[in-house]
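Worksheet: one structure, shown below.
Just so it is clear, none of the values below were taken in a lab; they were calculated from the coordinates. Keep in mind it's a predicted model, so treat the numbers as computed, not measured. Reconstructed Cβ throughout: ideal geometry from the backbone, glycine too, with neighbour counts over all protein chains shown.
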Amino acid sequence: MNTSDALLILSALGHPTRLDAFRLLIRHEPDGLSTGELVDASGLTQSTFSTHLAVMVKAGLVLSEKRGRQQIQRANLDALRGLMIYLAKDCCQGRAELCEPLLAELTCC
């Protein structure tokens, strides 16, 4: 991942509606949610939410697949992993032991 990719993802997540939707999709991996379920959870209109969804898709955070008549949205965990690695790669000046509390918190839940 490069700086431009990271900024695109961070910008997409920088809105409460998109952050909430992405976190909801993460909780529903690997099955994903239909677009309608995401719209209902957001409390927004279909057209308003579709704008937010388009931003997340453009940033590579959300993958869409057709299942029957429904569009299923899934969190792109590879994009999330890439962002996390990009942010933490040079963590603590190469002293991995200083990052252990962060890793422990991620694995405990």
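At-a-glance table
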| quantity | calculated |
| --- | --- |
| Subset of the range 63-109 [touching a helix residue (DSSP H, G or I) at 6+ places or on another chain (Cβ under 6 Å), in contact (Cβ under 8 Å) with a residue 40 or more places away in the chain and among the hydrophobic types (A, V, I, L, M, F, W, C)] | A75, L83 |
| Flag if V62 is more than 24 Å from M1 (Cα to Cα) and of a type in the set (A, V, I, L, M, F, W, C) | no |
| Top-ranked residue in the range 64-86 [being in contact with a Gly (Cβ under 8 Å, 6 or more places away or on another chain) and under 16 Å from S34 (Cβ atoms); ranked as surrounded by the fewest Cβ atoms within 10 Å (Cβ to Cβ)] | E65 |
| Condition check for T35: surrounded by 11 or more Cβ atoms within 10 Å (Cβ to Cβ) and polar (S, T, N, Q) | yes |
| Residue in the range 42-59 that is farthest from S4 (Cα to Cα), counting only those that are surrounded by 15 or more Cβ atoms within 10 Å (Cβ to Cβ) and hydrophobic (A, V, I, L, M, F, W, C) | L44 |
| Residue in the range 1-27 that is surrounded by the fewest Cβ atoms within 10 Å (Cβ to Cβ), counting only those that are within 12 Å of the chain's Cα centre (by Cα) and without any contact (Cβ under 8 Å) to a residue 12 or more places away in the chain | R27 |
| Candidates V39, V55 - the one that is free of Cβ contacts under 8 Å to residues at least 24 places away in the same chain, in a helix (DSSP H, G or I) and among the hydrophobic types (A, V, I, L, M, F, W, C) | V39 |
| Selection within the range 63-97 - part of a loop (DSSP other than H, G, I, E, B) and in contact with a strand residue (DSSP E or B) (Cβ under 8 Å, 6 or more places away or on another chain) | N76 |
